[in-house]
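See structure below.
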Amino acid sequence: MPASTQTPCNVVVLLSGTGSNLQAMIDSFKDSDSPARIRAVISNRADALGLQRARDAGIETRVLEHATFDGREAFDAALMALIDDFAPDLVVLAGFMRILSAGFVSHYQGRLLNIHPSLLPRYKGLHTHQRALEAGDREHGCSVHFVTEELDGGPLVVQSVISVELHDSPASLAQRVHAQEHRIYPLAIRWFAEGRLRLDEQGARLDGQLLPASGHLIRN
């Protein structure tokens, strides 16, 4: 892995949709002296808008349609081979709508990040904004975590917390949470690229210190 910001951290981004988090990364790492470099963007959907965002930024793209493979294991094996062609130091999931196999997660252990639109461990899975409103939560937000075999269950790196307003709908809450995603995902990637963020047997560490179970909290 890169020892300093003089050797950019090679990042491969996986996505399935619009790529708004990818755009936040592109904007954050566009300077020539950035510690991170988005080496490639890979999607399981040829029509993903995120691919065009990558092309517009001069980033290499690849498409690997999961429907053409006989099962998850075969797809993940081909995906790993494709990712590894770009020699990534870090792989980030940015709306990649696939449940990854244990073999895939193990292959990238300690260098695989995901962002989730809830304050984990609350509301793993889908429909997080609706579920937060139905529960009457006063706070909501998003989380960046290392990926493990447990769905949305890896060690937390950073969470951004927002207040739930009386007038909030799932759509308005999603919009405000997305804005926070665009802040904290590039931040976590930057920490990793600078050698400040690592995963070990005890959990996620920032600047050598073990992060609490909630990760680094940012309140807005």
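Only the coordinates and a few stated rules stand behind these numbers; no lab work does. This structure is a prediction, so every number in the text was calculated from the model and none was measured. We place every Cβ from the backbone using ideal geometry, glycine too, and count neighbours over all the protein chains shown.
Counting only residues that are crowded, with 23+ Cβ neighbours inside 10 Å and in a loop (DSSP other than H, G, I, E, B), the stretch 140-153 holds 1 of them. Kindly indicate the residue of the stretch 164-202 that is among the β-branched types (Val, Ile, Thr) and either under 30 Å from residue 134 (Cα atoms) or part of a strand (DSSP E or B) (or both) and also nearest to the chain's Cα centre (by Cα) among those meeting that condition. Top of the filtered list is 184. Among the residues of the stretch 17-64, those identified as polar (S, T, N, Q), within 18 Å of the chain's Cα centre (by Cα) and under 18 Å from residue 88 (Cβ atoms) are 21, 28, 43, 44, 61. Restricting 181, 139, 134 to those that are closer than 22 Å to residue 88 by Cβ and charged (D, E, K, R) reduces the list to 181.
Within the stretch 203-220, take every residue that is part of a strand (DSSP E or B) and charged (D, E, K, R) and give me the one that is farthest from residue 143 (Cα to Cα). Break it down into steps so the answer makes sense when it comes.
Of all residues in the stretch 203-220, those part of a strand (DSSP E or B) come to 203-206, 209-210, 216-219.
Now drop any that are not charged (D, E, K, R), which leaves 205, 219.
Numbers: 205: 16, 219: 12 Å.
So, considering only residues that are part of a strand (DSSP E or B) and charged (D, E, K, R), the one farthest from residue 143 (Cα to Cα) is 205.
Mind checking whether some residue in the stretch 138-150 is out of contact with any strand residue (DSSP E or B) (no Cβ under 7 Å at 6 or more places or on another chain) and of a type in the set (A, V, I, L, M, F, W, C)? Within the stretch 138-150 (the criterion being out of contact with any strand residue (DSSP E or B) (no Cβ under 7 Å at 6 or more places or on another chain) and of a type in the set (A, V, I, L, M, F, W, C)), the answer is no, since none of the residues qualifies. Taken over the stretch 114-139, residues that are hydroxyl-bearing (Ser, Thr, Tyr) and surrounded by 22 or more Cβ atoms within 10 Å (Cβ to Cβ) amount to 2.
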